[in-house]
Structures are given as structure tokens and as C-alpha cells.
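The structure appears below as C-alpha cells.
The values are calculated or read from the model by the stated rules, or taken from the named source; none is laboratory data. No experiment lies behind these values; they were computed from the predicted model shown. Please note: Cβ atoms are built from the backbone with ideal geometry, for glycine as well, and neighbour counts cover all protein chains shown. Note: accessible area is taken over every heavy atom of the protein model, side chains too, but ligands, DNA and RNA are not part of it. Shrake-Rupley method; radii C 1.70, N 1.55, O 1.52, S 1.80 Å.
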Amino acid sequence: MAFLCSSLSLHFVKYLLMKKRSEDVQGRVSELLQTLKKAKGQARIQALKELKQVVAAHATAMKTVVDEGGVSLISSLLGPFTSHAVGSEAIAILVNLELDSESKTNLMQPTKISLMVDMLNEGSVETKINCTRLIEKLMDEKEFRAESISSHRLLVGLMRLVKDKRHTNGIMPGLSLLRSICLHKQVMGLIVSIGAVSQLVELLPALEPDCLESALFILDTLSSLPEGKAALKDCGNTIPNMVRLLMRISESCTQYALSILWSVCKLAPEECSSVAVEAGLAAKLLLVIQSGCNPLLKQKSSELLKLCSLNYTDTIFISKCKLTRTIL
């Protein structure tokens, strides 16, 4: 009985400590928000830095910031004359908060997006990633307009983040935002125009599986544009890289790689089909056809195999498949 009472007392003490800690956190958040209303210069930066740390460490702090109008206050600090020191701290807080529709619409103002794009190009890696994640968050809003992301500077900054070999933690957020942007047809041509197709193709061999799927999705989407197809065809590593990925990572990756190969081979059948066969495409297609893959994938593989065979005699093509006539 004494043990039970002792145990209950201990739990109660823990509860009181947690309650007090929670109240302390809420109180500190309130103080920092009040400071932000008046502070300028270095004092503002310090208040933002501390608020960022508190929000990162305590879930209750996030709720308090939102409940006490902190989102609107912090958003108001972002504008055409905001220093990157203030902007980077403000965005590091906002990206971790639950933003309602009104807050997202407010953050989509051109001057605020422009500041995010500047910091995506010029900030630290952490700031670049936060800007990328926040822009993607804003794209979920139904009021979002494609003009907000139809920016050469935004896309160049994103590709720079994706290609940064020293800081690989930026690859996935960068590809994730690029994937979302790809769904807006009016921006697709701009993505091709900055040379993203060849850059992504060259990156493929070094990417982790989750990044690889996003990169292939982007390339497959861009292949629906005439200029996207042409860029894929003109990149010397498109065909060998796509052939290598068939039946290697996942069915989705196989599907995207197959679709890209189909686009390129249809665009220039004689030139591209023979390059693809020499890279081992025929044998890979037979693997897809004989696998337990989606029937549509098998059908597409059969059609591409037929297209590739047109430039060869039966005997030579069978040898390229590394299979005998009876198996074929």
C-alpha cells in the first residue's frame, strides 16, 4: 500500500513538473512574441533565434505561437527590406508551424516569395531547405497561383540545392518541391529551359531510391513536352541510365524509366533504338515482360521491344536479347 502511495505521489510530482514546464514554455513564448513587436536589429534576431529553439524543443510552444497570433506577427517581418539574418530565422519558425489558409495566402505575397527565393539562392544550406519546404507547404493552398513559382531564379536555386554534393540533405526537399512545381504545366517549359533535364539525368546514378523516384517522375513529366523529349534525347546518358534502372529499384522507377525510353525512342526510332539495344535494353524488356509487373507495364515493354527490333534482322536481334529464338 505504501509502495502504491509512493508511486502515485511520484507520478503526481512528475505531472506537476511537466505542467509547470509547459506553463513556463508558454510564458516564454508570450514574452518573445511581445519582444518581437517592439524589437529592432540584433534584438529582433536574438528573439527570433530563441523562439526558433523553443518551438523546435516543445510541441506546446508551436501551439502557443499559433494561438497568440505569432504566425501573422512573424510573417509581417518578411518583406522587400528584410535582412537575410531576420528572414532565415523567421522562416525556420514558420516552416514548423501549422499554417491556416489565411496565413498561407498572406505568405504568398510576391514580396515574401521573392525574399524566400533570394534566400534559397544565397542562404545557408539549412535556410535553403527551410525556404524549399515552406514554398512547398504554400503550394498545398487552393488559392495558390502558378505565377508565384514561375521564376527562373527559383528553379536555378532549386537545381543548385539538388546538385550540392557536399550537403546531400538538401536533395530530397529540392526534388520534392521540383516535383510539385512540375504539376503546373505553365512552369514545365521553364524547368526545361534552365537545363534541368540533363542535370537530373547526370545525377541519377548517385541518388538514393526515394530521391531517384522523384527525379524520374520529374523527367517523365517533362518528357510530355516536345522540348523535354528533345532535351532527353540530346543527353548522352539518358538511354544508358534509364536502361540500367529497369527492374532495379521499384516498379514505379521501372515505369518512369520505361516511359522516358519510349518517348525518346519514338522521337528518333533509328538513332535511339539502336543505342538502347546496345545498352542492353532488349534483355531488360524481356525481364519486365516475364516478371510479375503490372500488365500495362508488360504491354509497354512489348511495344518498345517491337520498335527496337525494326532495325535488326531476327538473328542479330535475338543475340542482342541474349536469348534463343525458342525462348523469345
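The accessible surface of the stretch 25-134, taken with every protein chain in place and a 1.4 Å probe, is 52 percent carbon and sulfur.
Cross-link reach is defined here as a Cα-Cα straight distance under 19 Å, omitting same-chain residues fewer than 8 places apart; for Lys52 the aspartates and glutamates meeting it are Glu23, Asp24, Glu31, Asp67, Glu68, Glu89, Glu98, Glu126. For the stretch 91-145, the mean projected area of the C-alpha convex hull, equal to one quarter of the hull surface, is 3.4 nm².
Between Glu202 and Lys306, what length in nm is gained on full extension when 0.36 nm per residue of separation is reduced by their alpha carbon distance? Could you put the intermediate results ahead of the total?
Numbers: separation 104, 0.36 × 104 = 37.44 nm, distance 2.80 nm.
So the extension gain works out to 34.6 nm.
Where (1) 1.06; (2) 1.33; (3) 0.97 are the candidate values, the label of the one calculated here for Cα Rg over 2.2 N^0.38 Å is (2).
Atom-type composition of the exposed protein surface of the stretch 204-310 places 54 percent of the accessible area on carbon and sulfur (1.4 angstrom probe). Overall, the stretch 25-134 carries a charge dipole of about 200 debye about its Cα centre when +1 sits on the Cβ of Lys and Arg and -1 on the Cβ of Asp and Glu, all other atoms neutral.
Reducing the stretch 66-119 and the stretch 245-282 to their Cα centroids gives an inter-centroid distance of 44 Å. Where Lys and Arg each count +1 and Asp and Glu each count -1, what net charge lies around Val197 among other residues with Cβ under 13 Å from its Cβ? Cβ neighbours under 13 Å give a net charge of -2. Connecting C-alpha atoms closer than 10 Å in a GNM of the chain, tell me which of Thr221, Thr127, Thr60 has the biggest fluctuation. Of the options given, Thr60 has the highest mean-square fluctuation.
Is the stretch 130-289 best put as rounded, prolate or oblate by its Cα gyration tensor, with a ≥ b ≥ c the root eigenvalues, rounded for a/c under 1.5, and otherwise prolate when a/b is larger than b/c, oblate when not? Prolate, because a/c is 1.5 or more and a/b exceeds b/c. If you run the Gaussian network model on the chain, springs between alpha carbon atoms under 10 Å, then out of Lys38, Lys266, Lys128 the most flexible one is Lys38. Accessible area per residue for the chain, computed on protein heavy atoms with a 1.4 Å probe, is 50 Å².
In debye, nearest 20: dipole of the chain around its Cα centre with unit charges on the Cβ of K, R (+) and D, E (-)?
On the way: 38 positive and 32 negative charges, 84 e Å.
With Lys and Arg at +1 and Asp and Glu at -1, about 400 debye.
Toward the positive end of the charge dipole of the stretch 25-134, with +1 on the Cβ of Lys and Arg and -1 on the Cβ of Asp and Glu, the farthest Cα among Ser103, Thr132, Val55 is that of Val55.
From the cross-link list Lys163/Lys185; Lys128/Lys229; Lys112/Lys137, which pairs have alpha carbons spaced over 19 Å apart?
On the way: Lys163/Lys185 24 Å; Lys128/Lys229 30 Å; Lys112/Lys137 14 Å.
With Cα atoms farther than 19 Å apart: Lys163/Lys185; Lys128/Lys229.
Scattering from the stretch 25-134 was approximated by placing one identical point on each alpha carbon and applying the Debye formula without solvent; log10 I(q)/I(0) at 0.15, 0.19, 0.20 1/Å stands at -0.56, -0.93, -1.04.
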